[in-house]
Amino acid sequence: MILGGDVGGTKCNLALFDERCGALVEGPSHRFPSRDYSRFEDVVSEFVSTVARPRGAKITAAGFGVAGPVHDGVVVATNLPWHVDAKSLAALLRLPRVAMLNDLEATAEGIAALGPGDFETLNAGAPGAHGMQAVIAAGTGLGEAGLYWNGSKHRPVPSEGGHSDFAPRNELEDALLVYLRGRFGGHVSWERILAGPGVRNLYEFLRDTGRGTEEPWLREAMEKDDPSAVISRSALENKSPLCVAALDLFVSIYGAEAGNVALKFLATGGLFIGGGIAPKILAKLRGPAFMDAFLAKGRLRPVLEKIPVRVILNDNTALFGAARGALLA
């Protein structure tokens, strides 16, 4: 019995898995709001006491994908005040070891467990495309990872590319960089834009620089609910020109950075779009803005045209990857 965990800034998803005939079969699971707990160990303890133990499940391996860089089995979570320690978790679970993965490393590892129905294709790419692959995933933060071919299967390559410098492509994005530099005190990463809070940052940039007008009903709605969610919904429902402009800018910048990731890993085998945001804005991703920005890389456009681009629809991908990581630990 394997315990897998997907640990993010907003939620922690934990699940039990059986390995049957070489495949993982998901069992009981539970979602915990991350900010309700002071330590990840408390989340694991609650899962064991309320989910695993009542079912008589004996956990024999465990793996966790955590949003943050992994160093010697320890993760300082990027969007939480947590230190997640593999040795501490192994002692808690009475296991010899626990697999600790970056969250995008876990997502990359989990792709192999998915089926054709778990993807939405944005670009078919070249027939029989093969080679390196890459993943970009906007959610609470922005994650990026690669996958190299070891001769028999793809294996993940972790990165913290979401925290590298945002690169504007035109005068509008030049102004955006200046605006965000003033707000965040110098360094502006891609994550400041391509994440849940980034949608709000784009909206406020357009509003504050006179590129749109905030309607009173919208201001009231954002006071009652998550502003980024309100902005995205209002854009998809075409209720607010300012929200539409903010989400369109988000999609275009997302496409540009996805193309950057594909080039950095030379992901001729495919670029996957993970995270919680993409499935919610599929209507926008299917439009021309994302792929136009993805392909706009000058002399390398022909290379990018051959790369398959797919949205991951299964929100348990990182859970499967964490469980797979546990088997490999």
Criterion: free of Cβ contacts under 8 Å to residues at least 12 places away in the same chain, open to solvent by 10 Å² or more (accessible area, probe 1.4 Å) and under 21 Å from Ile281 (Cβ atoms) - qualifying residue of Glu223, Glu237: Glu237
Residue check for Gly125: in contact with a Phe, Trp or Tyr (Cβ under 7 Å, 6 or more places away or on another chain), open to solvent by less than 30 Å² (accessible area, probe 1.4 Å) and assigned to a loop (DSSP other than H, G, I, E, B): no
Residues satisfying the stated conditions in the range 215-239, i.e. closer than 18 Å to Leu194 by Cβ and in a helix (DSSP H, G or I): Pro227, Ser228, Ala229, Ile231, Ser232, Ala235, Leu236
Failed criterion for Gly186 (all others in (1) outside any helix (DSSP H, G or I); (2) touching a strand residue (DSSP E or B) at 6+ places or on another chain (Cβ under 6 Å); (3) among the small types (Gly, Ala, Ser) hold): (2)
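Please count how many residues of the range 39-60 are of a type in the set (Lys, Arg) and either touching a Phe, Trp or Tyr at 6+ places or on another chain (Cβ under 6 Å) or assigned to a helix (DSSP H, G or I) (or both). Give the steps one after another, and end with the answer.
Restricting attention to the range 39-60, the residues satisfying the condition of being of a type in the set (Lys, Arg) are 39, 53, 55, 58.
Cutting the leftovers down to either touching a Phe, Trp or Tyr at 6+ places or on another chain (Cβ under 6 Å) or assigned to a helix (DSSP H, G or I) (or both) gives us 53, 55.
Matching residues across the range 39-60 total 2.
Does Val261 count as touching a Pro at 6+ places or on another chain (Cβ under 7 Å), under 29 Å from Ala126 (Cα atoms) and not small (Gly, Ala, Ser)?
Working: touching a Pro at 6+ places or on another chain (Cβ under 7 Å): no; under 29 Å from Ala126 (Cα atoms): yes; not small (Gly, Ala, Ser): yes.
So Val261 fails the test.
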Some residue of the range 129-143 being within 23 Å of Phe320 (Cβ to Cβ), open to solvent by less than 50 Å² (accessible area, probe 1.4 Å) and assigned to a helix (DSSP H, G or I): no
Residue in the range 67-74 that is more than 25 Å from Pro288 (Cα to Cα), of a type in the set (A, V, I, L, M, F, W, C) and surrounded by fewer than 23 Cβ atoms within 10 Å (Cβ to Cβ) present: yes
Residue in the range 74-95 that is more than 18 Å from Ala323 (Cα to Cα), hydroxyl-bearing (Ser, Thr, Tyr) and not in a helix (DSSP H, G or I) present: yes
Answer from Ser164, Ser228 - the residue that is out of contact with any Leu (no Cβ under 9 Å at 6 or more places or on another chain), free of Cβ contacts under 8 Å to residues at least 60 places away in the same chain, open to solvent by less than 20 Å² (accessible area, probe 1.4 Å) and not acidic (Asp, Glu): Ser228
Given (1) within 14 Å of Val7 (Cβ to Cβ); (2) open to solvent by 20 Å² or more (accessible area, probe 1.4 Å), index of the condition Ala106 fails: (2)
Qualifying residue in the range 73-82 (condition: more than 15 Å from Val7 (Cα to Cα) and either at pLDDT 95 or above or not β-branched (Val, Ile, Thr) (or both)): no
Exclusive hit being within 21 Å of the chain's Cα centre (by Cα) and either at pLDDT 95 or above or within 21 Å of Gly139 (Cβ to Cβ) (or both), set Glu214, Glu223, Glu173, Glu191: Glu191
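Taking Val25, is it of a type outside the set (Ser, Thr, Tyr) and open to solvent by 30 Å² or more (accessible area, probe 1.4 Å)?
Judged against the criteria, Val25 is a match.
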Residue match in the range 179-191 (condition: touching a residue at least 60 places away in the same chain (Cβ under 8 Å) and either under 28 Å from Ala323 (Cα atoms) or open to solvent by less than 70 Å² (accessible area, probe 1.4 Å) (or both)): yes
Entirely in the range 240-329, the helices (runs of 4 or more DSSP H) that have 1 or more residues that are under 17 Å from Leu194 (Cα atoms) and open to solvent by less than 10 Å² (accessible area, probe 1.4 Å): 241-264, 282-285, 288-295
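The values are calculated or read from the model by the stated rules, or taken from the named source; none is laboratory data. Quantities reported herein were computed from a predicted structural model and do not represent experimental measurements. Cβ sites come from the backbone with ideal geometry, for glycine too, and all protein chains shown count toward neighbours. Heavy atoms of the whole protein, side chains included, go into the accessibility calculation; ligands, DNA and RNA do not. Shrake-Rupley method; radii C 1.70, N 1.55, O 1.52, S 1.80 Å.
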